[in-house]
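What follows is calculated from the coordinates using simple rules that are stated; it is not laboratory data. Predicted model, so just to flag it, every value in this text is computed and none were measured. Because the Cβ atoms are built from the backbone with ideal geometry, glycine has one as well, and the counts that use them run over all protein chains shown.
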Amino acid sequence: MTVWLILGLGLLIAIVMGVIISLLLRGWAVGSLIGGTFDALDDRNEINFATVAMRGRRSFKGLAKLYFFPSLVAALVTVPFILTSIYFFISNSTVLGIIFISLTMLILMIAHLVIAIAEIWAERLVAIENMPWQQAFWQGLQMFKTNFVRTMQLGIVNCLTGCVTGCLSLAVIGSLVATLVIFGLIPIIGWALLPLITLLIIAILVLGSLVTALVLTFKYTTWSILYRELTMAGKEKMEKND
């Protein structure tokens, strides 16, 4: 019993540490990418790995909190619904259990949508303006509301870009795999293709990682460009009013 308790506790600690490290690394990467994009837009001469990494270092904690706490709040909100669903299922009230499970899924979907919308602009508010994550989250929602049309337009473009790129990648990979399978059915050629299949698997993994990185970089860059345009337009409007 003691051994299982220690193993369970060790597994829990490992999971928590893994989540924390992944959030911090994500925050550093996103902060570096956003900071580097703004440095490039401002035509700064010295843009290299060291300067970009420094931009990420300044904001990675705030970004990690932005990713963690809203999701934690959303998860905690659904706990009563999950417990109620379990109670109804145990009590053989299947219909009520299904209703509460459906409500839980709906709440999670809405929460995920709200968090995703807020993060579009909140990431840049934290990384560029050094704004606390709580303020950045709510201001991110306000920016979405104020610039709804522009945000939706770019969101659709980015979604279509990801879909088209993904479909083309799958088409290329599928064609290569189908060709190898056809030739592999020939007994004489089959074993000879084994090294080629190994290289193909490695190439697919590398290609998939590269395409994913390029698409993510494209999306983050386009959002940063739009953020810069919107904030500059807002500043010019305030100067005119003054």
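Things to note:
- Compared with the alpha-carbon gap, the fully stretched path from residue 175 to residue 102 is longer by 22.3 nm at 0.36 nm per residue.
- Estimated vicinal HN-Hα couplings, Hz - segment 121-127 in sequence order (Karplus 6.51, -1.76, 1.60; Gly, Pro = x): 9, 5, 4, 6, 5, 6, 6
- Among 227, 220, 87, sorting on how many other beta-carbon atoms sit within 10 Å of each Cβ, with the fewest leading, yields 87, 220, 227.
- Once both labels are positioned 7 Å from their Cα atoms along Cα-to-Cβ, the gap between residue 51 and residue 168 label points is 3.1 nm.
- Residue order, fewest to most surrounding Cβ atoms within 10 angstrom, among 20, 115: 20, 115
- Each residue of segment 133-142 was assigned a 3J(HN,Hα) from its phi angle through the Karplus curve 6.51 cos²θ - 1.76 cosθ + 1.60 (θ = phi - 60°); the sequence is 4, 4, 5, 5, 4, 6, 5, x, 5, 5 Hz, with glycine and proline shown as x.
- 3J(HN,Hα) along segment 77-88, derived from phi through the Karplus expression 6.51 cos²θ - 1.76 cosθ + 1.60 where θ = phi - 60°, amounts to 4, 7, 4, x, 5, 5, 5, 5, 4, 4, 4, 5 Hz, with x in place of Gly and Pro.
- Sum of side-chain charges, residue 140 neighbourhood, beta-carbon under 9 Å (Lys, Arg +1; Asp, Glu -1): -1
- Between amide H atoms placed 1.01 Å from N, distances below 5 Å from residue 131 occur with 126, all of them 5 or more places distant or on a separate chain.
- At q = 0.08, 0.12, 0.17, 0.18 Å⁻¹, base-10 log of I(q)/I(0) for the chain (Debye sum, equal scatterers on each alpha carbon): -0.51, -0.95, -1.25, -1.31
- Here the gap between residue 156 and residue 11, fully extended at 0.36 nm per residue and compared with their Cα-Cα distance, gives a gain of 48.2 nm.
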